[in-house]
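A short write-up of the structure that comes next.
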Amino acid sequence: MQVVYTPAHLGHDVTVETVMGVEIPANEVAERAEIIRAALDADGGFERSEPAEYGTAPITAVHDPGLLSFLEVAWSEVRRQGLNGAFLSADTYPNRSMFEGMSDEAIARLVREPEHAAGRAGFWGLDSAAPLVAGTYVVARGAVDVALTAMDLVLGGATAAYGLCRPPGHHAARSMYGGYCFFNNAAIVAEAITAATGERVAILDVDFHHGNGTQQIFWRRGDVRYVSIHADPQRQYPYFLGRADETGEGDGAGENLNIPLRAGATNEEYLEATDRAVEAIAAVPGSVVVVSLGFDTYGLDPIGDFALTTDVYHEVGRRVAALGRRLVILQEGGYHRPSLGENARAWLRGAEGRPFEPLPAVGFTASGSVV
Ligand SMILES: [Zn+2]
């Protein structure tokens, strides 16, 4: 399988983030992608390629051009406005209740993007969990290029391709970034596939978190089926979307399938959910599945609460590939660094129908560094 990767992701150099107002060492760090790259290189069965450049048109096909413009200038605005800090994060968000009683027309006319960089971050952002730094825009654009290059490998005839995207994308909605995500790599690819082929596309999201952005983008679309297995939002981010009764509207009615799982979900429960998800995809036509691949479902993940082990990733990859459709596999989350490389290898080898043996040649320090 081809692995699309660029070292340009290192420019999104995030070191700290905030959780409930408390600054902590960042989870979504450059080392994540480096660990996965090193493990796939060490495997010997994957071939690496560099992304091509696609420009902004595929991005604005799913995102508000205003979001792109904001992200492009956000860091230079931080500096121009003399704001200090390791990253840009808002402290004020336009909570819907702020506008209670106002008509949709009045909101559209009167609620505007402010000038202050933190205000703009609040206008376009979901939360304080997506630290924006000097290199973020360029790197987020690079992740989109990685995803689209993987897509083109598949549209060009490959059975599957893996885009080692960083930053991830599935929390980014049409007009919103958040949750470590800036552009929705999977949604951009799904949109580009429908445009290129005229076919229906399915997105299978197996990150620990619900892909609220992907759901939002395709909520009313009849040509993109979104199927997600994730932590119940009653207890986990993104809290306000991801429940089982969110099924789409209009042309998209019935095209959105959320499978929320309990804390402590086991391999067995996860495989049952996988079978349900795969069935829902098999039920509609189409030849390509976009996979939002996350490993924050792993038992030791610092921000997840499932109990999965490495073996189950191999089996999930195998069952998804058994659909017989071509796979554009895009990296989303996964924050337990010591296991990331092996989990990725297990999943991708499963998707290729190759057996999985743990690789003793790749070791890790206590901090998760490749040694
Ligand atoms: Zn996640």
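The values are calculated or read from the model by the stated rules, or taken from the named source; none is laboratory data. Worth saying up front: this structure is predicted, and the values here are computed from it rather than measured. As a convention, Cβ positions derive from the backbone with ideal geometry for all residues, glycine included, and neighbour counts pool all protein chains shown. We work out accessible area using only protein heavy atoms, side chains counted, and drop any ligands, DNA or RNA first. Shrake-Rupley method; radii C 1.70, N 1.55, O 1.52, S 1.80 Å.
Structure notes:
- Dimensions of segment 1-95 along the principal axes, based on C-alpha atoms and rounded to the nearest Å, stand at 47, 35, 27, largest first.
- 12 Å beta-carbon shell around GLY242, net charge (K/R +1, D/E -1): -3
- Residue among LEU83, LEU241, LEU300 with the largest mean-square fluctuation in a Gaussian network model of the chain, springs linking Cα atoms under 10 Å: LEU83
- Semi-axes of the equivalent ellipsoid for segment 151-201, Cα gyration tensor, largest first, Å: 22, 14, 6
- Counting every alpha-carbon pair across segment 26-71, the share separated by more than 14 Å comes to 69%.
- Choice from GLU249, GLU342, GLU28 with maximal GNM fluctuation in the chain (Cα, 10 Å cutoff): GLU249
- Average accessible surface area per residue within segment 93-241, 1.4 Å rolling probe, Å²: 36 Å²
- Taken over segment 274-337, the ratio of Cα radius of gyration to 2.2 N^0.38 Å equals 1.20.
- In range of the label at GLU199: residues from segment 148-188 whose backbone nitrogen is under 19 Å from the point 7 Å along Cα→Cβ: 148-163, 186-188
- Charge sum, other residues only, whose C-beta stays under 9 Å from GLU53's C-beta, Lys/Arg counted +1 and Asp/Glu -1: 0
- Calculated P(r) tail over 17 Å for segment 180-307, as whole % of Cα pairs: 54 percent
- If you bin all the Cα-Cα distances of the chain at 10 Å, starting from zero, the percentages per bin are 5, 26, 36, 24, 7, 1, 0.
- Note that segment 55-214 shows a convex hull volume over its alpha carbon atoms of 133 Å³ per residue.
- Put simply, the Cα atoms of segment 247-369 extend 51, 30, 23 Å along their principal axes, the longest span coming first.
- Convex hull volume per residue, computed on the Cα atoms of segment 153-255, equals 102 Å³.
- Whole-number D in µm²/s for segment 72-146 (Stokes-Einstein; Kirkwood sum over Cα pairs; 25 °C, 0.890 mPa s): 178 µm²/s
- Other residues lying with their Cβ under 14 Å from the Cβ of TYR93 contribute a combined charge of -1, Lys and Arg counting +1, Asp and Glu -1.
- With every protein chain in place, segment 38-180: carbon and sulfur % of accessible area (1.4 Å): 51 percent
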